[in-house]
1. Given (1) surrounded by 15 or more Cβ atoms within 10 Å (Cβ to Cβ); (2) more than 28 Å from Glu92 (Cα to Cα); (3) away from the ligand (no atom under 16 Å from the Cβ), where does Gly209 come up short, assuming only one miss?
2. Among the strands (runs of 3 or more DSSP E) lying completely within the stretch 79-152, list those that include at least 3 residues that are buried (at least 18 other Cβ atoms within 10 Å of the Cβ).
3. Name, by its number, the condition in (1) assigned by TED's automatic domain parsing to the domain that holds Pro160; (2) of a type in the set (S, T, N, Q); (3) over 17 Å from Gln166 (Cβ atoms) that does not hold for Ser117.
4. Does Ser194 satisfy being touching a Leu at 6+ places or on another chain (Cβ under 9 Å), outside the structural domain of Ser308 (by TED's automatic domain parsing) and either among the charged types (D, E, K, R) or under 25 Å from Trp110 (Cα atoms) (or both)?
5. Output yes when any residue across the stretch 167-180 is among the hydroxyl-bearing types (Ser, Thr, Tyr), in contact (Cβ under 8 Å) with a residue 60 or more places away in the chain and either away from the ligand (no atom under 16 Å from the Cβ) or within 25 Å of Ser140 (Cβ to Cβ) (or both), and no when none is.
6. Of everything in the stretch 253-264, what is closer than 19 Å to Phe305 by Cα and surrounded by fewer than 19 Cβ atoms within 10 Å (Cβ to Cβ)? Give them in sequence order.
7. For Met69, work out the one condition from (1) assigned to a helix (DSSP H, G or I); (2) touching a residue at least 24 places away in the same chain (Cβ under 8 Å); (3) of a type in the set (A, V, I, L, M, F, W, C) it doesn't fulfil.
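The values are calculated or read from the model by the stated rules, or taken from the named source; none is laboratory data. Keep in mind that what you see is a predicted model, and the values were worked out from it rather than measured. A quick note on method: Cβ atoms are made from the backbone with ideal geometry, for glycine too, and the neighbour counts reach across all protein chains shown.
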Amino acid sequence: MESSWIKFVPDAASSMAGKVDALYFYLSGVTLFFSLLIFGVLIFFVIKYRRRTPFEIPRPIAGSHKLEMLWSVIPFMIAMSIFVWGAQVYFEQARNPKGTSEIYVVGKQWMWKIQHSTGQREINALHVPVGRKIRLIMTSEDAIHSFYIPAFRIKRDVLPGRYTDQWFEATKTGTYHLFCAEYCGMNHSGMIGSVVVMGPSEFDDWLSGNASQLAPAVAGQQLYQSLGCVSCHGANGEGGRGPELAGLFGKQVVLNTGQTLKADEAYFRESVLNPQAKIVSGFGPIMPTFQGQVSEEQLLQLMAFIKSIRIVNPQPSTAGPGPAAAASATRSTANPPAPPVRTGSPAGR
Ligand code: CUA
């Protein structure tokens, strides 16, 4: 399709692109077929049943139950086929598959700030490997933006004060457009960039090319020290006033209300910015808020660190193939005193 002089569809460069396109071709086909049918029949009837003499009295119409049934049942089946097919594609798009690597995206008037798990940062550009599943974790510093890559057929709102995510798997190397698809102020139209899909080994070279930047998990570990998180959550003697954080991510947490919830990204965010909202069973409401003290990017770094300290578990965990998490745990020796990490006991209680 790319070679044609009119582009009917954007480049198709992700595993979902073909599926989304097929659905749209079906929708367009159904629309076209019925438009032609209705207009054709309309013109035919206008001629066939035209008035032939002045003061002609039309013959009375006899209804047909058969016909009524036919044009009720057929459109119903067609509408249901659109619903079922559309729901299928939607669920596949909306559910994160297993084994994704994470990339952090922060939207800001008017740029996209991206950080890879190794520390590599980029602005208005996103480098990704072909054939690997990527999960973007996204938030905004200000207005509502929308992260849109037409060639991947993905578009997801990026909201201040919460995380949204979106997965994709690129299938074709090349450079593609990246847009903001939600009006976000004066330079909204300039909030664009490019997505570069590289071969896997080429991508790994690119990723290791700029080692001067701290991996988010390592930067997060430094924040963990400097913000004093370690004095309550740390495992080195002074801990115990706050829940153990190693191994916490993705686990079930019991709150003092008896409620149970999953320790996910949203819960982490709330616990840092509004610690009194959900208190883990067995602990007091003593944690101060860090609202205004940590930037969106620092929050993501802290989260990357908390996620990484489950990797001490010798079993290869659910952390995905991303090189980052493992690196952060081992590389920590080069940095300020690392909180010793506990293995074993189910964390967070
Ligand atoms: Cu950001 Cu429009």
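1. (1)
2. Working: elements: 101-108, 111-116, 121-123, 125-129, 133-140, 145-149.
So the answer is 101-108, 111-116, 125-129, 133-140, 145-149.
3. Going through the list (1) assigned by TED's automatic domain parsing to the domain that holds Pro160; (2) of a type in the set (S, T, N, Q); (3) over 17 Å from Gln166 (Cβ atoms), Ser117 breaks only (3).
4. On the way: touching a Leu at 6+ places or on another chain (Cβ under 9 Å): yes; outside the structural domain of Ser308 (by TED's automatic domain parsing): yes; either among the charged types (D, E, K, R) or under 25 Å from Trp110 (Cα atoms) (or both): yes.
Yes: the conditions hold for Ser194.
5. Filtering the stretch 167-180 for residues among the hydroxyl-bearing types (Ser, Thr, Tyr) gives 171, 173, 175-176.
Pick out the ones that are also in contact (Cβ under 8 Å) with a residue 60 or more places away in the chain and you get 171, 176.
If we keep only those that are either away from the ligand (no atom under 16 Å from the Cβ) or within 25 Å of Ser140 (Cβ to Cβ) (or both) too, we end up with 171, 176.
The answer is yes; a qualifying residue exists.
6. As a first pass, look at the stretch 253-264 and keep what is closer than 19 Å to Phe305 by Cα: 253, 262-264.
Result: Lys262, Asp264.
7. For Met69, the exception is condition (2).
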